[in-house]
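See structure below.
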Amino acid sequence: MEYISTRNKTLRVKGSTAILEGLSPDGGLYVPESVPVLSLSELERLAGLSYVERAANIMKLYLDEFSREELLSFAEQAYSSDRFQAASPAPVKAVGGDHMLELWHGPTCAFKDMALQMLPHLLSAALQKSGSALNPLILTATSGDTGKAALEGFKDVARTKIMVFYPVEGVSEIQKLQMQTQEGANVFVQAVHGNFDDAQSGVKQIFTDLEMIEALEQSGWKFSSANSINWGRLLPQIVYYVSAYCDMVSLGAVTMGDPVHFCVPTGNFGNILAAFYAKKMGLPIGKLLCASNSNNVLTDFIRTGTYDRNRPFFTTISPSMDILISSNLERLLFDLSGQDDRLLCSMMDTLKSSGRFTVPGPMLQEIQSLLWSGFAGEEETRSTIQAYWNGHRYLADPHTAVALYVKSLYQSEFADKTPIVTVSTANPYKFSEDVLQAIGSRGKDPEDLFAATAFPIPEQIRLLRTKPVRFSGAIDKTSMASAVLGCIQ
Ligand SMILES: *Cc1c(COP(=O)(O)O)cnc(C)c1O
């Protein structure tokens with residue numbers, strides 16, 4: 001299986017190259033040249049396997065350079081029971097009449113762990129296969145969840161170093177503490193004065209700075225990215241959709257072969273795109289419900305066919321979805337256009353120059369038969385948290401609540417009895433203050449939330465305040481490059 005660029009389909013690379021490079025040199029995203037098919041009998045076989053075995057089997061279909069034993073060993077390490085503290089790494093739970101796919105039982109309590117626990121294994125193996133002598137230095141700017149999950153994934157991974165920049169003014173108290181107390185001999189965390197855009201643009205500049213690249217190479221290093229456009233992050237996400245479907249069958253919520261819908265809280269479009277690939281493989285998925293917060297650029301796009309980022313940016317209580325450019329959408333559009341790389345180039349150019357583009361009519365029809373969309377404002381998000389707490393004693397984080405609200409919008413608009421799985425992307429303790437406020441209780445700390453709800457508090461959050469702070473202080477954006485050089489000395 002080879003991978004092609006969404007902006008030039010004659011550019012073909014192996015899976016290991018796609019994972020090592022992250023982004024294609026022409027600015028496009030790597031996609032598999034064709035999507036492997038999962039037959040119903042194969043699905044029935046997977047239903048009898050553990051999560052780890054399901055992961056190895058599905059990833060093997062996309063990465064034929066990797067042996068089954070290799071992939072099984074990666075999955076065993078990535079999803080081991082000391083890293084994922086639940087019966088399954090991605091359990092499906094029945095809540096009232098709903099089903100929740102909980103993706104936050106990993107080390108950092110957010111769904112990013114599902115991919116970032118696996119990516120370092122894939123990257124290390126890809127590095128070995130490539131025979132490159134240069135070691136990867138992972139550089140990431142984060143608005144919260146990605147940075148911590150990447151640090152936890154890459155800590156003490158041989159031949160790698162990771163440096164994460166976060167904006168002093170842009171992350172929650174818990175998220176900051178999680179990063180300041182990060183363990184590992186190869187990790188570097190640096191706060192930057194300013195907002196997320198400052199940190200992000202600083203990283204982008206360093207990434208493409210020729211002098212920096214050369215200085216790195218001379219010391220034996222090469223920049224790499226743990227960003228969500230890397231195929232190595234998408235692939236592990238396909239697994240949990242297949243796994244959730246198998247679990248829905250075991251729970252008796254659906255008969256093997258009948259459809260389920262998935263409702264996904266969406267930002268950069270990575271999570272929901274993985275569901276699209278699962279559907280394309282043959283997994284019986286009906287509709288994909290795309291849930292946004294007030295930054296509802298995707299809701300408008302799916303309804304009208306025009307993507308327009310020229311709009312106010314809102315800071316919400318579901319910050320991981322505060323995004324106006326959903327990078328992974330490019331992969332969906334490439335597929336739905338019949339791999340029309342020229343159309344993609346022209347749409348992405350227009351997006352860059354004017355902030356908007358419109359898809360052709362037939363493509364809009366395809367988008368609408370695949371996806372349905374809605375959004376939740378701040379009040380709807382809070383009242384949904386409260387309703388699930390009062391009604392079912394289920395504590396949803398704000399991102400999950402956005403999805404639950406959009407699921408209810410869909411159900412009130414259509415008389416559709418197809419079971420819906422709502423994807424739950426963060427542990428509520430990560431957003432203790434907002435969750436406490438939503439359920440009408442006082443306080444802001446995880447301990448306050450525990451006192452108010454007795455909802456199980458994850459150990460890694462309970463112990464956060466007892467851990468030594470390793471990384472404190474903040475630097476100016478202009479000092480970011482020297483901080484990077486400092487960590488390869
Ligand atoms: C990253 C994130 C999302 C958005 O996922 P995308 O793949 O960017 O669409 C939703 N919820 C949480 C908690 C996240 O961390």
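General remarks:
- Ligands, DNA and RNA are left out, and with a 1.4 angstrom probe the accessible area of the chain is 38 Å² per residue.
- Cα-derived Rg to Rh of the stretch 1-110, Kirkwood definition: 1.04
- Amide H contacts under 5 Å for residue 421, placed H, 5+ residues apart: 261, 262, 263
- One Cα centroid belongs to the stretch 219-274, the other to the stretch 29-49; the line between them spans 13 Å.
- Kirkwood hydrodynamic radius of the stretch 160-254, Cα pairs, Å: 16.6 Å
- Think of the stretch 360-468 as having a plus end and a minus end, set by charges on the Cβ of Lys, Arg, Asp and Glu; of 446, 361, 431, 446 sits farthest toward the positive end of this dipole.
- Lys/Arg +1, Asp/Glu -1 at C-beta; the chain dipole; positive extreme among 5, 473, 242: 242
- Rough spin-label spacing in nm, given labels placed 7 Å along Cα→Cβ, for residue 211 and residue 369: 5.6 nm
- For peptides 11-20, 433-442, sequence by mean Cβ density within 10 Å, most packed first: 11-20, 433-442
- Protein heavy-atom surface of the stretch 220-264, 1.4 angstrom probe: 50% of the accessible area is carbon and sulfur, with nucleic acids and ligands not counted.
- The chain: calculated mean residue ellipticity at 222 nm from DSSP helix runs of at least 4, using -39500 (n - 2.57): -13500 deg cm²/dmol
- Label-point gap, in nm, between residue 471 and residue 441 - each point 7 angstrom along Cα→Cβ: 3.1 nm
- Rounded to the nearest 20, the Cβ-based charge dipole of the stretch 29-93 about its Cα centre (Lys and Arg +1, Asp and Glu -1) stands at 320 debye.
- Simple spin-label estimate for residue 300 and residue 218 gives 4.9 nm between the two label positions (7 Å along the Cα-to-Cβ direction from each Cα).
- Backbone geometry of the stretch 5-12 corresponds, through the Karplus equation with coefficients 6.51, -1.76 and 1.60 at θ = phi - 60°, to 3J(HN,Hα) couplings of 8, 5, 10, 6, 7, 7, 7, 10 Hz, x marking Gly and Pro.
- Across the alpha-carbon atoms of the chain, the computed radius of gyration and Dmax are 21.4, 63 angstrom.
- Over the stretch 300-346, the reciprocal of the mean inverse Cα-Cα separation, the Kirkwood hydrodynamic radius, stands at 12.5 Å.
- Computed from the C-beta positions of residue 128 and residue 416, the FRET efficiency with R₀ = 35 Å rounds to 0.15.
- Charging the Cβ of each Asp and Glu at -1 and of each Lys and Arg at +1, and nothing else, the dipole of the chain about its Cα centre rounds to 120 debye.
- At 1.002 mPa s and 20 °C, Stokes diffusion of the stretch 45-130 via Kirkwood alpha-carbon radius, µm² per second: 155 µm²/s
- Scattering curve values for the stretch 21-77, log₁₀ I(q)/I(0), Debye with Cα scatterers, q = 0.20, 0.24 Å⁻¹: -0.84, -1.00
- Along the chain, longest interval not containing exposed chymotrypsin sites (Phe, Trp or Tyr not before Pro), exposed being DSSP loop plus at most 13 other Cβ atoms within 10 Å: 1-312
- The per residue volume of the convex hull around the alpha-carbon atoms of the stretch 106-164 is 68 Å³.
- 17 Å reach of a label modelled at residue 156, 7 Å along Cα-to-Cβ, counting backbone N of the stretch 102-131: 107-108, 117-118, 120-121
- Each Cα pair of the stretch 272-355 feeds into the Kirkwood radius, which the Stokes-Einstein equation turns, at 37 °C and 0.692 mPa s, into a diffusion coefficient of 231 µm²/s.
- Seen from a random direction on average, the alpha-carbon convex hull of the stretch 268-307 projects onto 3.2 square nanometres.
- Under-5 Å amide H pairs with residue 373, H placed in peptide plane, nonlocal only: 290
- Accessible carbon and sulfur surface of the stretch 387-484 relative to its total accessible area, %, 1.4 Å: 49 percent
- By accessible area, using a 1.4 Å probe on protein heavy atoms only, the stretch 108-218 has 49% of its surface on carbon and sulfur.
The values are calculated or read from the model by the stated rules, or taken from the named source; none is laboratory data. Quantities reported herein were computed from a predicted structural model and do not represent experimental measurements. Please note: Cβ atoms are built from the backbone with ideal geometry, for glycine as well, and neighbour counts cover all protein chains shown. Surface accessibility is based on the protein's heavy atoms, side chains included, excluding ligands, DNA and RNA. Shrake-Rupley method; radii C 1.70, N 1.55, O 1.52, S 1.80 Å.
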